[in-house]
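Below you'll find the structure, written out as structure tokens, and then a few comments.
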Amino acid sequence: MIQWFPGHMAKAKREIEERLRIVDIVFELLDARIPYSSQNPLINELLQGKPKLVLLMKTDLADPKETKLWRENFQREDHQVLEVDALSGFNRNLIIKSSLEILADKIERDRKRGLKARGVRAMIVGIPNVGKSTLINRLVKRKATRVANKPGVTRAQQWISITGELELLDTPGVLWPKFEDHKVGIHLALTGAIRDEIVSSHDLGEYLLNFLRSYYPDNLKERYNLDLKFSNPELIEKIAQDRGFMQSDYEERVYNLLLSEFRNNLLGRITLDRFNQEEE
């Protein structure tokens, strides 16, 4: 069991709970590579029926066949869901449109009550490093928040005006205290949601190598020119020879290479959470 809940996350959880009263809708951002593992059970506990729009982030990094299965599953559960590539702005305008559709009844009730029209107030929630800051910067078309490919960049809540129709409350990425399913913790670590020192690179690299052999053997063969009839130790030695890693720590260096190249999308579009497995 992996445990991880630093003090600033406990504080963020309390603040999210307090601010929910003043927002109309919640944007729950999920990493399309780990749509199951990036669902924070604490968020649904806090929402208590608050309208929600699910945004599948980093779809350009994920396996499109798996993304389609996950999207359809969320829709069957009566969630509105959009696929978002925050870097290119794909589906950016649909986010505003979908928010207004979800809140159409509330907006009409407020109009009939004679309440002054105002922009929709939305709260963004999600795990660390899911792409919140990048999405906001694309929405406002300027650099509104710091962006980095590491967890913990956003540490304070802040309101950001998108248009006259939409205001966003950005929040720090929040994880839950412990991951009962060890695989969930591994997937969060592989995608950079928790700091590298929490799970060893050896464990991550070994898991990733076995995963690629099982689900993306062609990606592995093409990237490293491998014959997968060989064992893992033989494959690791082959990669090490090709990359010049012949020091005594060559195994660790190969695992670090696998991890780095996965995170930099050099191994192809990969989804770690397999829909049929997670739904069993």
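Extending 7 Å from Cα along the Cβ direction at residue 73 and again at residue 228 yields two label points whose distance is 2.2 nm. Between the beta carbons of residue 65 and residue 202, assuming R0 = 41 Å, the FRET efficiency works out to 0.85 to the nearest 0.05.
Only one residue of 42, 271, 64 has its Cα farthest out toward the positive end of the dipole of the chain, where Lys and Arg carry +1 and Asp and Glu -1 on Cβ, and that residue is 42. A Förster radius of 35 Å combined with the Cβ-Cβ distance from residue 44 to residue 11 puts the calculated FRET efficiency at roughly 0.95. Across the alpha-carbon atoms of the chain, the computed radius of gyration and Dmax are 20.5, 74 angstrom. If you find the alpha carbon centre of the range 201-280 and of the range 39-56, how far apart are they in angstrom? Centre-to-centre distance over Cα atoms comes out at 34 Å. Compared with the direct C-alpha span, the chain from residue 21 to residue 104 gains 28.0 nm at full extension, assuming 0.36 nm per residue.
Tell me the relative contact order for the chain as a rounded percent, counting alpha carbon contacts under 8 Å between residues six or more apart.
Values: 430 pairs, mean separation 63.3, N = 280.
This gives 23 percent for the chain.
Over the range 200-278, what is the relative contact order in whole percent, taking alpha-carbon pairs under 8 Å and six or more residues apart?
Worked out over the range 200-278, it gives 37 percent.
Each eigenvalue of the Cα gyration tensor of the range 200-278, multiplied by 5 and square-rooted, gives one semi-axis; in descending order these are 21, 14, 12 Å. Computed over neighbours whose Cβ is under 9 Å from that of residue 99, the net charge equals -2, Lys and Arg +1, Asp and Glu -1.
Tell me the relative contact order for the range 24-106 as a rounded percent, counting alpha carbon contacts under 8 Å between residues six or more apart.
Numbers: 101 pairs, mean separation 25.6, N = 83.
Across the range 24-106, relative contact order equals 31 percent.
Just so you know, all these numbers are worked out from the coordinates, no wet-lab data involved. What you see is a predicted model; the values in this text were computed from it and never measured. For neighbour counting, all protein chains shown are included, and Cβ atoms are generated from backbone atoms with ideal geometry for every residue, glycine included.
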